[in-house]
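Visitor: Okay, here's the structure, questions in a sec.
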Amino acid sequence: MEKNVIIIGAGAAGLMCTIESGKRGRSVLILDHAKKTGSKIRISGGGHCNFTNINASPDKYLSYNPHFCKSALSRFTPHDFISMLEKNGIKYHEKEPGQLFCNESSAEIVNMLHNECKEAGVEIRLNCHISEIKKHGSFVISTNLGAFQAESLVIATGGLSYPELGTTGFGHTVPRKLGIRVTPVKPALVPLTFSKKDLGIFGELSGVSINASVSCNRREFRGDILFTHRGLSGPTVLQISSYWNQGDSIIVNLLPATDAYELFLAKQQSKMEMKNFLPQYLPKRFIQKWCDFTTVPTLSE
Ligand SMILES: Cc1cc2nc3c(=O)[nH]c(=O)nc-3n(C[C@H](O)[C@H](O)[C@H](O)COP(=O)(O)OP(=O)(O)OC[C@H]3O[C@@H](n4cnc5c(N)ncnc54)[C@H](O)[C@@H]3O)c2cc1C
């Protein structure tokens, strides 16, 4: 079978690329080894898919080529995606300023992308396992469903996270085999996990959340941090992880809105025990563990 474009990977990126190529009148085939499309979209945003942010702008993206984002965002804006939702009758709401979520479920986004694929006249083949890709002028893709040929090939097989959802690293190995340079990758927007010996009281504090400021490499984020049985998570920690490189320190300020000196002065005047005084400012469970674990500083120190 010969097509203008073959796209491998029916996730968010592959489906959007398929729709846009189809709309331009190209004959398009999308292949995926999974049983269904958009597995990551289905679990995104806690099942409600945070499908766009109306304040999205190039300066909010981390990229080896910052100009790519300028061009991409000017050609397809958050409002273009909102128009697609409205055309498909999907209701949505704003959570944090600018963050838009589906009222019902993330599956609505997958259904919408399917409708758009249908409208653009593209073909989707699932359970398709690729064994070989060769380039003889055009691309020849050998699979369990037969061989497919196309002038253009897009590999949209996602990053390395969540292998249980079908991620394979395919998009990193195939281009290398075809002689295409691949930029180095590193984890981003991830929780921090500690080795057993560094875990200390973190495991015992699992579930405690604190409004803190977290900084690394001259970037600072303010919001919730969450203790987990493996380390630290929460929106602020996920954000700072993108700026962390091996060996860097991350500074966590647990009282960003409070002058610590004034606080300890007030504590000394109150004659209360630290364990009883600090829960006015920080969660009681955290203070109890922290006071048991560490020597709490006094003003003279
Ligand atoms: C828990 C969670 C919550 C999230 N919440 C949000 C959110 O609310 N908002 C948001 O914008 N983003 C969110 N994200 C991120 C977002 O889901 C991903 O960035 C996005 O789905 C990635 O899309 P993708 O098309 O690049 O890759 P993927 O969704 O990973 O799609 C890749 C596709 O390629 C297929 N594939 C892989 N290897 C092969 C192969 N060898 N042969 C054939 N097919 C292959 C896979 O089966 C898959 O269908 C969340 C992610 C997670 C994990």
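Visitor: Where the second residue is at pLDDT below 85 and of a type in the set (K, R) and the first is assigned by TED's automatic domain parsing to the domain that holds F221 and open to solvent by 40 Å² or more (accessible area, probe 1.4 Å) and lies in the stretch 255-273, which pairs have Cβ atoms under 6 Å and are six or more apart or on separate chains?
Guide: That search, which allows pairs on different chains as well, returns nothing.
Visitor: What number of residues in the stretch 201-227 are buried (at least 18 other Cβ atoms within 10 Å of the Cβ) and in contact with an Asp or Glu (Cβ under 9 Å, 6 or more places away or on another chain)?
Guide: Of the residues in the stretch 201-227, 6 are buried (at least 18 other Cβ atoms within 10 Å of the Cβ) and in contact with an Asp or Glu (Cβ under 9 Å, 6 or more places away or on another chain).
Visitor: Is the stretch 240-252 home to any residue that is within 17 Å of L192 (Cα to Cα), touching a strand residue (DSSP E or B) at 6+ places or on another chain (Cβ under 6 Å), assigned to a strand (DSSP E or B) and open to solvent by 40 Å² or more (accessible area, probe 1.4 Å)?
Guide: yes
Visitor: Among the numbered criteria (1) under 22 Å from E96 (Cβ atoms); (2) touching a strand residue (DSSP E or B) at 6+ places or on another chain (Cβ under 8 Å), which single criterion is violated by S206?
Guide: (1)
Visitor: Which condition does I41 not pass, out of (1) open to solvent by 20 Å² or more (accessible area, probe 1.4 Å); (2) of a type outside the set (S, T, Y); (3) in the same structural domain as L160 (by TED's automatic domain parsing); (4) touching a helix residue (DSSP H, G or I) at 6+ places or on another chain (Cβ under 6 Å), if it passes all the others?
Guide: It is condition (1) that I41 fails.
Visitor: Restricting to the stretch 146-186, and then to whatever is within 7 Å of the ligand (Cβ to nearest atom) and among the polar types (S, T, N, Q), can you tell me which residue is surrounded by the most Cβ atoms within 10 Å (Cβ to Cβ)?
Guide: Here the answer is T157.
Visitor: Separate question: Of the numbered conditions (1) within 15 Å of R125 (Cβ to Cβ); (2) open to solvent by less than 60 Å² (accessible area, probe 1.4 Å), M16 satisfies every one except a single condition; which is it?
Guide: Exception for M16: condition (1).
Visitor: May I pose another question? Scan the stretch 13-45 for residues that are touching a residue at least 24 places away in the same chain (Cβ under 8 Å) and on the phi > 0 side of the Ramachandran plot and jot them down.
Guide: Once the filter is applied, which keeps residues that are touching a residue at least 24 places away in the same chain (Cβ under 8 Å) and on the phi > 0 side of the Ramachandran plot, the stretch 13-45 yields G38, G45.
Visitor: If you don't mind, there's one more thing I want to ask. Looking only at the stretch 53-73, filter to residues that are away from the ligand (no atom under 15 Å from the Cβ) and part of a loop (DSSP other than H, G, I, E, B); which one of those is most open to solvent (accessible area, probe 1.4 Å)?
Guide: Selected residue: Y64.
Visitor: Please return the ranges of strands (runs of 3 or more DSSP E) entirely within the stretch 74-187 where 1 or more residues are among the charged types (D, E, K, R).
Guide: On the way: elements: 92-94, 99-102, 123-125, 130-136, 138-143, 146-155.
Hits in the stretch 74-187: 92-94, 123-125, 130-136, 146-155.
Rundown of residues vs (1) among the basic types (K, R); (2) near the ligand (Cβ under 8 Å from one of its atoms); (3) not in a strand (DSSP E or B), yes/no style:
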position	(1), (2), (3)
I6	no, no, no
S21	no, no, yes
H33	no, yes, yes
I41	no, yes, yes
F51	no, yes, no
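Visitor: What pairs can you find where one residue is in the stretch 163-176 and under 11 Å from K40 (Cβ atoms), the other is more than 7 Å from the ligand (Cβ to nearest atom), and their Cβ atoms are less than 9 Å apart, with a gap of 6+ or different chains?
Guide: Cβ pairs passing all conditions: L165/R42; T167/L160.
The values are calculated or read from the model by the stated rules, or taken from the named source; none is laboratory data. All values derive from a computational prediction rather than experimental measurement. Heads up, the Cβs are rebuilt from the backbone with ideal geometry, glycines too, and the neighbour counts pull from every protein chain shown. Accessible surface areas use protein heavy atoms only, side chains included; no ligands, DNA or RNA. Shrake-Rupley method; radii C 1.70, N 1.55, O 1.52, S 1.80 Å.
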